[in-house]
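A.B. asks: Would you mind keeping the following structure in view while I ask a few things?
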Amino acid sequence: MGGIHVLLTSIERIRILSDEFTSISDERLTMYIEDASSEVSFLNAPEQYQERLTRYLTAHLASLSITSQQTVIREKVDVIERQYSDPSKNFGLLATKYGQEYQRMLEELEEQSAPKKSINLVVL
């Protein structure tokens, strides 16, 4: 089933987030926007949140594509020693600040849609 993808954000809005995205081609960014738009459309999130959710999920995907798998967290110059972070520690949405913001928004939406818990006390 080849449906038409509705893009919920734009290349321009992704590039406004950070200069790091200027090195990514329009075609690649469009692909990330399509992926994120598809995922967000399945969330049944209120319409006013859809563009922002898509923007941050797209930025997360794009950011993963340009960051190296390991980050130097410690480097000693005399008798050279270099220590790398363990990429498995930061995986999924927590791997980037954009993914973390996306996760935070999802949790906020979940809280808003959760039925309000109330306590009914009956005194006999």
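The values are calculated or read from the model by the stated rules, or taken from the named source; none is laboratory data. What you see is a predicted model, and the numbers here were worked out from it, not measured in a lab. Counting neighbours? That spans all protein chains shown, and the Cβs are built from the backbone with ideal geometry, glycine included.
A.B. asks: Which ones in the stretch 22-40 are within 12 Å of residue 9 (Cα to Cα) and in contact with a helix residue (DSSP H, G or I) (Cβ under 8 Å, 6 or more places away or on another chain)?
C.D. replies: 29, 30, 32, 33, 35, 36, 37, 40
A.B. asks: Taking residue 77, is it modelled with pLDDT of 70 or more and hydrophobic (A, V, I, L, M, F, W, C)?
C.D. replies: Considered against the rule, which asks whether it is modelled with pLDDT of 70 or more and hydrophobic (A, V, I, L, M, F, W, C), residue 77 comes out as no.
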